[in-house]
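Please read the structure below before turning to the comments.
Every number here is computed from the coordinates shown, using simple stated rules; none is lab data. Quick caveat: nothing in here was measured; it's all calculated off a predicted structure. Neighbour counts run over all protein chains shown; Cβ positions are idealised from the backbone, glycine included.
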Amino acid sequence: MNTTTQTPATRLTTEQKAQLTTGASFWATASAGDLAAAVLSDGPHGVRAQSGAGDHLGIAASEPATCFPPAAGLAQSWDEDLVQRVGEALGAEARKYGVGVLLGPGVNIRRDPRGGRNFEYYSEDPHVSGRIGAAWVKGVQSRGVGASVKHFAANNAETDRMRSDSRIDARTLHEIYLRGFQHIVRHAKPWTVMCSYNKLNGVSVPENRWLLTDVLRRDWGFDGVVVSDWGAITNRVAALHAGTDLQMPGGGDASVRTVTDAIAAGALDVVDLENATANVVTLLERVAEGTAAPTVEVDFDTHHALAREAAARSITLLKNESNLLPLPTDRSLAVIGTLAATPRFQGAGSSRVNATRVDIPLDEIRIGTRAPVTYAPGIAAPDESADSQTLLTEAVEAARLADVAVVFAGLGEGQESEGFDREDIELPADQVALIRAVAAVAPATVVVLTHGGVIRLSSITADVPAILDTALLGQAGGGAIADVLFGRVNPSGKLTETVPVRLADAPSYLNFPGEHSQVLYGESLFVGYRGYDARDIPVSFPFGHGLSYTTFEYSELRADVRNGDIQVSIEITNSGTRAGREVVQFYVTRDGSSVRRAPRELKAFSSVELEPGETSIVSSVIAREDLAHWDDRSDRWLIEGGEWTISAAASSRDIRAAAVASIEGDDLRPLLTESSTMAELLEDPVAGPMVANMLGGAEETEHMNDQLGIDIARMMGSIPLDRIAGFGRGGGDMERLRGLLDHANAARGGEGA
């Protein structure tokens with residue numbers, strides 16, 4: 001079959017359409033008439049443009065590019081403006097290398113601290129992921145380069161990632177795992193969305209029409225291209241029908257024939273192919289328009305400075321007893337740990353960037369102080385065979401002779417990466433032993449942590465007075481660490497993932513990573529801090545935690561409802577002696593809710609920079625739509641009316657002020673049916689009085705107020721109406737109940753909740 005069909009953008013044969021919807025090479029689409037092919041490239045935190053052989057594992061060489069802080073680090077800034085500027089720089093470098101679509105950001109939820117790819121995702125919270133991800137997309141696309149929001153959806157483990165089936169209940173799926181994507185699609189308009197490898201509730205994501213067409217396009221209004229993750233498609237025809245527009249890296253002639261044969265045989269509706277073709281053509285038009293726009297000059301030195309700014313803002317001060325930090329520049333230092341001399345600054349796998357330069361923390365510390373600095377590795381590097389005891393002894397002696405010991409510790413690339421999950425969250429035992437030995441002889445010990453996923457810190461927190469969490473900071477991290485250590489930058493980062501006391505406390509502990517290619521999301525809504533808080537479990541450091549070299553006071557919280565949204569504002573005063581920045585987090589609580597909820601949920605955040613003694617009002621908006629929960633009875637969002645408590649906080653467990661806002665809600669009542677229970681009828685404002693009247697005879701009411709009556713009412717309350725006859729009620733009563741149902745449903749216009 002070889003027909004010619006006119007589309008809004010071009011005329012293509014069926015074969016050409018099939019070619020256009022599969023990649024022409026590892027990193028490029030096919031061209032369409034006068035529209036040039038689009039080049040796609042990995043790299044949420046840097047452009048991984050490969051000029052030679054292509055791969056999706058970070059193995060082959062790529063062009064030099066600025067390595068900004070990966071998502072795990074950058075999100076700790078809680079700074080949308082900064083993230084957007086990073087996106088603009090990434091977009092400019094993508095343009096320099098002829099890249100039309102940059103594959104990012106990764107916004108999957110960090111569901112379990114063992115997730116091997118957690119370094120590439122922002123948070124355990126969908127609000128943070130959505131807001132930070134939207135800023136990144138806006139920045140990149142402002143430079144005429146498309147973003148590709150990934151991995152859509154419920155791709156939260158690396159184990160068996162190409163076959164695993166994520167089993168998630170409807171409410172959890174919408175409220176936790178789709179909500180960040182939804183925000184980005186609606187508010188940032190990404191050019192592409194990348195669908196993930198896994199199955200979702202039994203259906204392969206690339207073939208999941210409900211997810212890709214019903215939810216993404218119809219409900220959210222997505223107008224871009226759905227591109228497959230590399231090698232994700234096993235059934236090209238089913239994927240096209242579901243709404244996967246572009247197969248990558250491409251299936252060659254065999255893939256094209258599969259599509260044309262399916263259309264000829266009537267196994268694929270030509271409309272599905274036409275829709276995919278039109279979406280790809282629109283993408284090529286957008287890329288062409290971006291390519292034609294004035295070029296933004298790329299200055300790698302300027303971008304390195306931006307990377308240093310972003311890294312410094314992302315560093316989180318976890319602990320600072322006796323104000324050990326910042327360090328004066330006249331105190332001798334012992335810098336200990338191989339990560340100080342050979343830093344790990346990015347994740348491993350497809351996002352690996354060929355950095356233009358790398359700041360070495362040890363060198364930057366030496367530049368930043370006037371006092372002597374000694375260095376001791378403390379432990380052997382992975383490829384070395386040095387005597388461990390000798391290295392430990394040398395490190396302890398260096399620490400004993402110095403005024404302050406700064407120990408660099410964390411995880412190496414071999415311990416966390418794309419492609420596999422971690423088995424534990426432990427800091428390597430030799431590093432724990434090193435930290436304890438150093439702290440025993442050097443009371444002034446600072447630990448600087450490097451890692452992509454959460455590390456259990458309860459093994460060292462009692463031993464050291466100061467801890468800096470740097471996550472992964474990109475190529476300029478070394479300079480940023482020195483800036484914070486010496487106080488040139490006051491740390492203002494906040495954790496975007498809870499640090500548990502032990503792995504077994506994690507809400508997902510028993511259901512990760514799954515077995516037999518199935519992953520049960522058994523913790524439901526209670527992911528991350530929601531789960532720790534709901535069970536009142538102690539944590540080492542809570543979600544949103546981060547200290548400063550100054551102090552902040554919160555006062556005069558206001559929460560006013562305007563046009564359905566909650567306008568929140570609070571006075572913040574810098575009550576300390578240094579200029580600093582505070583991230584204010586706004587959480588909501590619905591006491592007495594009719595549905596399960598976490599004790600509090602983040603719904604807004606904002607930040608302010610203040611001089612010592614300065615006071616400013618910090619304002620934010622809690623959107624009405626963000627108060628909604630997903631009702632699995634009616635498959636729609638609903639807002640529960642009544643009084644909501646709004647909290648202004650420095651972390652999920654550091655509530656500084658609270659106010660109450662009264663919200664007008666939706667009708668939460670479900671339609672009444674014959675399978676409704678007697679209790680549900682009695683609770684209905686229309687049906688309830690009528691049912692009570694029906695049951696109002698002397699025989700039924702004789703014991704209504706004694707314990708027997710209460711127990712009978714409880715038992716009867718759980719019985720569906722269509723079972724009433726089996727408990728001695730006559731057919732006449734059932735006829736009356738059916739009439740009552742019709743009357744009650746009609747009273748609400750026939751619409752249930």
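Brief remarks follow.
- Members of Lys189/Lys603; Lys189/Lys494; Lys319/Lys494; Lys150/Lys199; Lys150/Lys189 lying beyond 18 Å, as alpha-carbon distances in this model show: Lys189/Lys603; Lys189/Lys494
- Positive-end residue of Phe300, Gln182, Val47, charge dipole of the chain with Cβ unit charges: Phe300
- For the stretch 226-288, the relative contact order is 35 percent, taking Cα pairs closer than 8 Å that sit 6 or more residues apart in sequence and dividing their mean separation by the residue count.
- Sites matching GluC sites (Glu not before Pro) across the stretch 297-362 that sit in DSSP coil, with at most 11 neighbouring C-beta atoms within 10 Å: Glu297
- For the stretch 214-340, the direction-averaged projected area of the alpha-carbon convex hull comes to 15.8 nm².
- Whether the stretch 455-592 is rounded, prolate or oblate, judged on the alpha carbon gyration tensor where a/c under 1.5 counts as rounded: oblate
- Mean separation of Cα pairs under 8 Å and 6 or more residues apart, divided by the residue count, gives the stretch 96-173 a relative contact order of 39 percent.
- Here's how it looks for Ala604: its modeled amide H is under 5 Å from those of Phe586, which are all 5 or more places away or on a different chain.
- Rounded if a/c under 1.5, otherwise prolate or oblate - the stretch 300-497, Cα gyration tensor axes: rounded
- Rounded to the nearest 500, the helix-only mean residue ellipticity at 222 nm of the chain stands at -8500 deg cm²/dmol, with each DSSP H run of n ≥ 4 adding -39,500 (n - 2.57).
- Protection proxy ranking of 579-591, 669-681, by the mean of other Cβ atoms within 10 Å over each peptide's residues and highest first, is 579-591, 669-681.
- Rel. contact order, % - alpha carbon contacts under 8 angstrom, at least six apart, the stretch 475-535: 25 percent
- Computed Kirkwood radius, in angstrom, where 1/r is averaged over Cα pairs of the chain: 28.2 Å
- The magnitude of the dipole of the stretch 552-663, with charges of +1 and -1 set on the Cβ of Lys/Arg and Asp/Glu and taken from the Cα centre, is near 280 debye.
- Distance histogram for the stretch 552-663 (every C-alpha pair counted, 5 angstrom bins, percent rounded to whole numbers): 2, 12, 22, 22, 17, 11, 7, 4, 2, 1, 0
- Here the Karplus relation 6.51 cos²θ - 1.76 cosθ + 1.60, evaluated at θ = phi - 60°, turns the backbone of the stretch 98-104 into coupling constants of x, 8, x, 9, 9, 7, x Hz, with x for every Gly and Pro.
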